[in-house]
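Just below is one structure, and these are the notes that go with it.
Every number in this text was worked out from the coordinates using simple rules, so none of it is lab data. Remember, predicted model here, so these are calculated numbers, not experimental data. Using ideal geometry, Cβ is built from the backbone for each residue, glycine included, and neighbour counts are taken over all protein chains shown.
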Amino acid sequence: MHIKKYIPLLLSLILLLSLIHPPLKSAAAGTIQVSGANVNVREGPGLSYNVVKKVNKGDTFSFIKEEGDWVQIDIGSGKKAWIANWLITKKESTTSVASSTKGTVTANSVRIRTGPGTSHSVLGSLNKSDTVDILKTEGNWVQVNTRLGKGWISKDYVQTTKGATSGGNIGTIHASSLNVRSTPSTQGNVLGSLKKGEKITILAQQNGWLQITYKNQQGWISGDYVKVESSSSTPSSTPNQSDSNATGIIGTVTATSLNVRNSGSLNGQVIDHVSKGDSFQILEEVNSWVKIQLKSGKFGWIAGWYLQKSMSSESTGANGSPKNSTVTIDQNGTNIRSGPDLNSKVIARANAGDKFSIVKVHKDWYEIKLSNGKSGYVAGWIVTVSSGVPQVEKLGSSSDIKNKKIMIDPGHGGRDNGATGAKGTLEKNLTLKTAQLLSAKLKARGAKVLLTRNNDQYLSLGSRVSMAHYQNVDAFISLHYDSIDNHTVRGMTSYYYHSNQKSLASNIHTAAIKQTKIKDRGVRQGNYHVIRENRQPAVLLELGYLSNPTEELMLNTSQYQEQVTNGIVQGIVTYFK
Ligand SMILES: [Zn+2]
């Protein structure tokens, strides 16, 4: 609907309604919205009662009570009437419209589920001090609205705080005058009005209505006339400062002007501004707030939802599209293909020294612009790229691993999810993704690659080791992602068990750290089955912490996946040299 067009009309309608309706004595327990067209509203709860009036789809009314399949509503002028419940949608039970119910999570790694019980699947997890909107309670479970969406959380891990005082979204009125009402409907009595440009703090939302504080009381305004600027889930604890090296993620500001605050919440004092297009290293991320360092050297916090994130050390622009970068063909007769893989059709050939501009990077392949204006794809390992684009590992000096038998072991699988990330990443899925990418790169360099699993399948630790023995592999690389209660912990750790495995572990570790610039947690001896019981040179790599929300975000990027697999390949090459 082109609502703007109707603003004058709606406003006069609102004004008119406000004039003819006397104040309501008490706020209703919720609202309903009409979902059918031209619906009869009746004197009583049944089809035999007289029709009082007709209402239209989208109309909202205060809900009074329910009887069987019928709902009693307030139709204004103090009148009550009944509407069939199959022709309405109910606003999710807000216990009271006069105050929104907020909650604070009281523990770390609290799981959010799709339903009220542990049998329901996990949407993700929340951490201590995260704020949620409480929607309803069922037994020992609470339905909440979180940054992960709607879900259920155990009552034991949420503390209720009535009528949120901290945080809240900020909005600006963009109608010339907007009524503030006692209930979230045009039937609510008018408490006063707001002028264009006035700023309000939004306490709650209901059916398109926003609850605000107005003259020391709570009121409702139509959300159609409010421009919501930002939301804050206020990190109530001081974000950990000890681990404040760069995350390796660059954020580019997408808002025209964005406040920089001294803490990660809307309550933080504004200390500076940044503008659209400005880029910063993200130092830390807490509840959607991002810590950056300004050019002046000062540190500050900005709202993360106004940032487009990309990996650093790549000058690939917004969507991985490198600006003004070129590839130079290394060999005569190089195939240019219709897609980014070796199975795609050869559509052109190029010779050594030919240059093409890069349209986009697709994993190991570059999409290039051909002389006819069309796009083609060339394998990254047979070209040289100008600076500013990730150089795919090249063939050539790679005879070191030619015909080496390398077994990649993606950790977990099937019923064993491994770790669940702060935002829901399952370790078993990410290890498989990394393994497949690593496999492609090792194969491209002539290695004989075997995977312990190549799909979401459960595999015992014993059978993984047996496969390594049976195949008599030259190297066994077990891939994992880490998790720990302390969500500030991050970085990569490489494990060996037997001393003859140490050199493989340290070669891979060094190269992977160099490529990814992830925090270095060192090469350690670890008592893990797949390396302890392994007679082959075997290592177990923990490629970063899924329990750290910022690191989880980074680990999932294709750029990290590229870099870490490049590093592992390099490490393996060095090991075999
Ligand atoms: Zn694992």
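Using the structure shown, select from Lys65/Lys195; Lys90/Lys423; Lys345/Lys369; Lys404/Lys502; Lys433/Lys514 the pairs with a Cα to Cα distance greater than 23 angstrom. Result: Lys65/Lys195; Lys90/Lys423 exceed 23 Å.
Which of the three applies to region 31-90, rounded, prolate or oblate, going by the alpha-carbon gyration tensor with a ≥ b ≥ c and a/c under 1.5 meaning rounded?
On the way: a/c = 1.17, a/b = 1.12, b/c = 1.04.
Verdict is rounded for region 31-90.
A quarter of the convex hull surface defined by the alpha-carbon atoms of region 398-576 gives 8.7 nm² as the mean projection. Think of region 421-577 as a dipole: +1 on every Lys or Arg Cβ, -1 on every Asp or Glu Cβ, centred on the Cα centre; then among Leu442, Gly526, Gln457, Leu442 lies furthest on the positive end.
The simple spin-label model puts a point 7 Å past each Cα toward its Cβ; for Lys196 and Lys57 those points are separated by 3.2 nm.
Rounded to two decimals, what is Rg over Rh for region 484-559 when you use alpha-carbon atoms and the Kirkwood radius? Working shown, then result.
Working: Rg = 13.0 Å, Rh = 13.0 Å.
That ratio equals 1.00.
Please give the net charge around Asn335, taking every other residue with its beta carbon less than 12 angstrom from that of Asn335, where Lys and Arg add +1 and Asp and Glu add -1.
Working: positive: Arg337, Lys345, Arg349; negative: Asp341.
Local net charge: +2.
What is the sum of charges, Lys and Arg at +1 and Asp and Glu at -1, for the other residues whose Cβ falls under 11 Å from the Cβ of Ile368?
Computed value for this residue: +3.
Placing R0 at 22 angstrom, the Cβ-Cβ distance between Thr172 and Asp272 gives a FRET efficiency of 0.55 after rounding to 0.05. Determine the sum of side-chain charges near Val465: Lys and Arg each +1, Asp and Glu each -1, restricted to other residues whose C-beta is under 13 angstrom from that of Val465. Taking every Cβ under 13 Å from that of Val465, the sum is +1. This model, with +1 at the C-beta of Lys and Arg and -1 at the C-beta of Asp and Glu, gives region 398-576 a dipole about its Cα centre of some 500 debye.
Here's how it looks for Val226: its modeled amide H is under 5 Å from those of His174, which are all 5 or more places away or on a different chain.
Once the piece of chain linking Tyr470 and Thr557 is laid out straight, how much longer is it, given 0.36 nm per residue of separation minus the C-alpha distance between them? Can you show the working numbers first?
Working: separation 87, 0.36 × 87 = 31.32 nm, distance 3.47 nm.
Full extension from Tyr470 to Thr557 adds 27.9 nm.
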